[in-house]
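Here is the structure we will look at.
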Amino acid sequence: MDFSPEITTLAQYLVGEFDNQQQALEQPAWYVHLRLWQRPISLFTEDSITLFAEQASVVNIAQPYRPRILRLRDRDSIEIEYYMFKNITKVQGAGRNPEKLREITLEDIEFLPNCTLKVATDIISPDNYRFITSPVTETPCSFNYQGNNYQVFLGFEVTNSELKTYDKGIDPSTGKGIWGALMRAYQFRKLPNNC
């Protein structure tokens, strides 16, 4: 399928290995030093560009967490659908070991119905964009995993040089953030030669 230049560029900006070392050094009380991997994966190839995402604290790099699938779809505007894994253990470490991505099938993932983002595109200069996401609905992104209910706020903005993530866990009873980007966005830079 042919994709618009905007969605193709968005995928190029998102694919790679990212690090927030500078932010973690400047504000260690608020920001853990993280490594984030976002890799292309061959799912939904008929109408989407799909990415596998996973992150880890640099101190525990061998213990990655939050594996997820981002499905970039070009409808009237660009939307990103999020999917969770039914068995996290099966995919753990695929960010650092992309060969594991070949084993992932549609049966391994589950669509998160209220976890879709719409993407606004700002043209900075020719072939240079800034993409900013916002939730499609007012309904909180929530899901059940292993008998527990979770609620999260998802969001990011990305350019060719920086990825800011706003993801945070929400306490459903208070509506307040309990982990993640509590003060402001995590600020990642893409590491060279990691795609």
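Each peptide in 32-44, 72-84 was scored by the mean count of other Cβ atoms within 10 Å over its residues; highest first, the order is 32-44, 72-84.
The relative contact order of the chain comes to 17 percent, based on Cα pairs under 8 Å that sit 6 or more residues apart.
For Phe156, the residues whose modelled amide H falls within less than 5 Å of its own, excluding neighbours fewer than 5 places apart on the same chain, are Thr133, Tyr166. For the pair Arg102 and Thr174, label points projected 7 Å from Cα toward Cβ lie 4.8 nm apart.
When both region 43-61 and region 149-176 are represented by their alpha-carbon centers, they are found 16 Å apart. Computed over the chain, the per-residue total of -39500 (n - 2.57) for DSSP H runs of n ≥ 4 gives a 222 nm mean residue ellipticity of -2500 deg cm²/dmol, rounded to 500.
According to the square roots a ≥ b ≥ c of the eigenvalues of the Cα gyration tensor, what is the shape class of region 1-122, taking rounded for a/c under 1.5, prolate for a/b larger than b/c otherwise, and oblate for the remainder? All intermediate terms of the calculation are to be shown ahead of the outcome.
Working: a/c = 1.97, a/b = 1.31, b/c = 1.50.
In terms of gyration-tensor shape, oblate.
Here the label points at Asn87 and Phe111, each 7 Å from Cα along the C-beta direction, are separated by 2.4 nm in the simple model.
Only the coordinates and a few stated rules stand behind these numbers; no lab work does. Worth saying up front: this structure is predicted, and the values here are computed from it rather than measured. Positions of Cβ are backbone-derived with ideal geometry, glycine not excepted, and every protein chain shown enters the neighbour counts.
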